[in-house]
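Worksheet: one structure, shown below.
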Amino acid sequence: MRKIIRGIVILLTAGMLSTGCTDKKTYQSSTDRYIVGVVTKSNSSEYWLSVSSGMEAAAAKYNMDVIILSPDSELDREVQEKQVEKLISQNVDALAVAPIDSYYVPDYLEELKKKNIIAVSFDNGMGSTELPYIGIDNHKTGYELAKKLAEQLGHKGQVGVVAGDLQQKGHRERVEGFKEYMRTEKDMKVQFVESGYANLQMSEQKVRDLMEQYPKIRGIMATSAVTAMGLVDELKDTGIKIVSVDEQEDSLKAVENGEITALAAQSGYEIGYETIHYIQKLRKEKTPEKDYYVSARILTQDNVKEYRRKYESQEYKK
C-alpha cells in the first residue's frame, strides 16, 4: 500500500512540475513542512525502490516531505537534469541527486547557489563539484572484492570486469579499486574491462563473445547486482566465480546458492535514510563530514544468512 500511495504522489507531483501550476508556497500551505526534492538515477530496480523507502522513513521522522523523481533509464542524463531543474524552480528547501554523469557540470549548480538551496549527491558522487556525497566507499569496495576473488581463486588466474557506465564516479571507482588490488597479485591479471552496463544485463551473445575471446577467465567482478544476475544466468556450470555489489533479494539468494561468491552489500535503504539524515544535519546548520560513507559488508555463503537475519528487516534507525 505504501508503494501505491508513493506512486500516486510521484505522479501527481510530476504533473504539477510539468505544468508549472504550483510552487513551494502553495505546497507548504497545506503541509507547512520542509520539502526535499530527490532525483534518482532510475526507478527500474529493487535497489532504487529500497533507496526511496529509506528516504521516506527518514523524512517521516524529521517531519519533511520528499518529492522523488526518476528517469526511466540510468542513461537519461538530459531527462534527469530537467527533473532537477523543475524541482529547483519549485523552490524546494533541499535537493538530493544521484548523478547519471559524474563528470558533466550541469547549469543547475549555479541556480542552487543563487537560491541557497541545500544540495547533496547520493549513491554516486559528482566529480567536479563540492557537493557532499552519501554512499559507500566505492574504491575500497572494489579493492575488497578483488581481494576476496583472489582468495577464492587461490591467487592465480585471469579475471575481468563488467562495469556500469564509467561516466558514473561510483562504477569508475569500483573498477579502479579492483585493478589496484589485482596489481599486488603477481600470478593474476585483469584481462578486460567491459563498461556501459548501468543497471543493464549483458546480452547472451556478448557473454559468449567474451568467453570465446578470453577462454582462460576464472573470475569476473560486475559493478552492479543487476548485471551480475545476468552473468549468473549465462555462466552457470562454467566454474567462473562472480563477485558484485548491491543488496537485493535475487543477489542475496545467489550468494546463498554460491552463484555469486562475494557480494558487497550496499543497502539502498540505508543510503536513502542517511541522505535525508545528512540533510537534516545541514538544516540544523551542523557541518557533517563532506563524504559520508555507509558500510558495504562483503557477504559470502559463510555469513550471508547471519546478515539477512540482522539487517534485512529494514528497521534501520539513526
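Residue under question is residue 254, and the condition is that it be buried (at least 24 other Cβ atoms within 10 Å of the Cβ), over 30 Å from residue 94 (Cα atoms) and not aromatic (Phe, Trp, Tyr); does it hold? Write out each step before concluding.
Values: buried (at least 24 other Cβ atoms within 10 Å of the Cβ): no; over 30 Å from residue 94 (Cα atoms): yes; not aromatic (Phe, Trp, Tyr): yes.
Answer is no for this residue.
With within 17 Å of residue 297 (Cα to Cα), at pLDDT 95 or above and either assigned to a loop (DSSP other than H, G, I, E, B) or small (Gly, Ala, Ser) (or both) as the only criterion, which of 170, 142, 219, 154 stands out?
Just a single option satisfies the conditions, and that option is 142.
Give me a count of the residues in the range 71-82 that are closer than 22 Å to residue 279 by Cα and either among the aliphatic types (A, V, I, L, M) or in contact with a helix residue (DSSP H, G or I) (Cβ under 8 Å, 6 or more places away or on another chain) (or both).
Matching residues across the range 71-82 total 1.
Within the range 285-303, restricting attention to residues that are modelled with pLDDT of 95 or more and of a type in the set (Val, Ile, Thr), which residue is nearest to residue 241 (Cα to Cα)?
300
What single numbered condition from (1) of a type in the set (Gly, Ala, Ser); (2) under 30 Å from residue 35 (Cα atoms); (3) surrounded by 15 or more Cβ atoms within 10 Å (Cβ to Cβ) fails to hold for residue 128?
Every listed condition holds for residue 128 apart from (3).
Rundown of residues vs (1) in contact (Cβ under 8 Å) with a residue 60 or more places away in the chain; (2) surrounded by 15 or more Cβ atoms within 10 Å (Cβ to Cβ); (3) not β-branched (Val, Ile, Thr), yes/no style:
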{"site": "234", "(1), (2), (3)": "no, yes, yes"}
{"site": "249", "(1), (2), (3)": "yes, no, yes"}
{"site": "280", "(1), (2), (3)": "yes, yes, yes"}
{"site": "299", "(1), (2), (3)": "no, yes, yes"}
{"site": "303", "(1), (2), (3)": "no, no, yes"}
{"site": "309", "(1), (2), (3)": "no, no, yes"}
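In this structure, is residue 278 within 14 Å of residue 131 (Cα to Cα) and either in the same structural domain as residue 62 (by TED's automatic domain parsing) or β-branched (Val, Ile, Thr) (or both)?
Yes.
Just give me the residues in the range 130-165 being within 30 Å of residue 282 (Cα to Cα) and of a type in the set (A, V, I, L, M, F, W, C), in sequence order.
Passing the criteria: 131, 134, 136.
Can you give me the number of residues within the range 57-80 that are crowded, with 23+ Cβ neighbours inside 10 Å and either outside the structural domain of residue 124 (by TED's automatic domain parsing) or over 27 Å from residue 164 (Cα atoms) (or both)?
Residues in the range 57-80 being crowded, with 23+ Cβ neighbours inside 10 Å and either outside the structural domain of residue 124 (by TED's automatic domain parsing) or over 27 Å from residue 164 (Cα atoms) (or both): 3 in total.
Consider residue 193 carefully, then state whether it is closer than 30 Å to residue 78 by Cβ, of a type in the set (Val, Ile, Thr), in contact (Cβ under 8 Å) with a residue 12 or more places away in the chain and in contact with a Ser or Thr (Cβ under 8 Å, 6 or more places away or on another chain). Can you show your working first?
Working: closer than 30 Å to residue 78 by Cβ: yes; of a type in the set (Val, Ile, Thr): yes; in contact (Cβ under 8 Å) with a residue 12 or more places away in the chain: yes; in contact with a Ser or Thr (Cβ under 8 Å, 6 or more places away or on another chain): no.
So residue 193 fails the test.
I'm told residue 83 meets every condition in (1) buried (at least 20 other Cβ atoms within 10 Å of the Cβ); (2) within 18 Å of the chain's Cα centre (by Cα) except one. Can you identify the failing condition by its number?
Going through (1) buried (at least 20 other Cβ atoms within 10 Å of the Cβ); (2) within 18 Å of the chain's Cα centre (by Cα) one by one, residue 83 breaks only (2).
Does the range 199-215 include one or more residues that are of a type in the set (Gly, Ala, Ser) and closer than 24 Å to residue 182 by Cβ?
No, that holds for no residue.
What's the number of the condition residue 315 fails, among (1) modelled with pLDDT of 90 or more; (2) acidic (Asp, Glu); (3) farther than 28 Å from residue 150 by Cα; (4) not assigned by TED's automatic domain parsing to the domain that holds residue 53?
Failed condition: (1).
The values are calculated or read from the model by the stated rules, or taken from the named source; none is laboratory data. None of these values were measured; they are calculated from a predicted model. Methodologically, a virtual Cβ is constructed for each residue, glycine included, from the backbone with ideal geometry; neighbour enumeration extends over all protein chains shown.
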